1. I'd like the Karplus ³J(HN,Hα) series for the stretch 58-73: coefficients 6.51, -1.76, 1.60, θ = phi - 60°, whole numbers in Hz, and an x wherever there's a Gly or Pro.
2. Please get the size of the charge dipole for the chain, origin at its Cα centre, with Cβ charges of +1 on Lys and Arg and -1 on Asp and Glu, quoted in debye to the nearest 20.
3. With the dipole of the stretch 2-77 worked out from charges on the C-beta (+1 for Lys and Arg, -1 for Asp and Glu) around the Cα centre, which of V18, L42, I74 lies farthest toward the positive end?
4. Using helices alone, what [θ] at 222 nm do you get for the chain, with -39,500 (n - 2.57) per DSSP H run of 4 or more residues, divided over all residues and rounded to the nearest 500?
5. Starting from the exponent 0.38 and prefactor 2.2 Å, build the expected Rg for the stretch 2-77 from its residue count and divide its actual Cα Rg by it.
6. Using the number of other C-beta atoms within 10 angstrom as an exposure proxy, rank F56, F47 with the fewest first.
7. Just how far, in whole angstrom, is the stretch 3-25 from the stretch 43-76 if you go by their alpha carbon centroids?
Amino acid sequence: MDIYCGQLGMVTQLTYCVSMNEGLPCRNVIGCWETRVDIMALLKGAFTEEELRKCFSGLPKSRLDRIMEILRAIDKET
């Protein structure tokens with residue numbers, strides 16, 4: 001099942017949306033998918049309460065924060 005992702009700027013699949021955040025769902029997954037699938041049941045079946053809390057609590061990272069994390073990870077690999 002595909003949907004347009006405003007964050008990526010392209011079409012993506014549900015499988016990506018529920019695992020893109022270090023194996024956890026995207027913060028926007030509920031809003032994006034709630035009219036197409038029973039996303040709450042899917043999330044509750046696939047993740048623990050602690051994992052969901054980690055994913056959906058707190059402030060979202062800025063685009064710059066995410067870019068810096070990627071650069072640090074690349075730097076550690078080299």
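Values quoted throughout were computed directly from the atomic coordinates according to the rules given, and no laboratory measurement underlies them. Everything numeric here is computed off the predicted structure, so don't read it as measured data. Quick reminder, even Gly has a Cβ in these numbers, built from the backbone with ideal geometry, and neighbours come from all protein chains shown.
1. 3J(HN,Hα) across the stretch 58-73, in whole Hz: x, 7, x, 6, 6, 4, 5, 4, 5, 5, 5, 4, 5, 5, 5, 5.
2. Details: 10 positive and 11 negative charges, 39 e Å.
Value, rounded to 20: 180 debye.
3. Of the listed residues, the answer is I74.
4. Values: 5 runs with 40 residues, N = 78.
It lands at -13500 deg cm²/dmol.
5. Numbers: Rg = 13.4 Å, N = 76, 2.2 N^0.38 = 11.4 Å.
For the stretch 2-77, the normalised Cα radius of gyration comes out at 1.17.
6. Numbers: F56 14, F47 17.
Ascending number of Cβ neighbours within 10 Å: F56, F47.
7. 13
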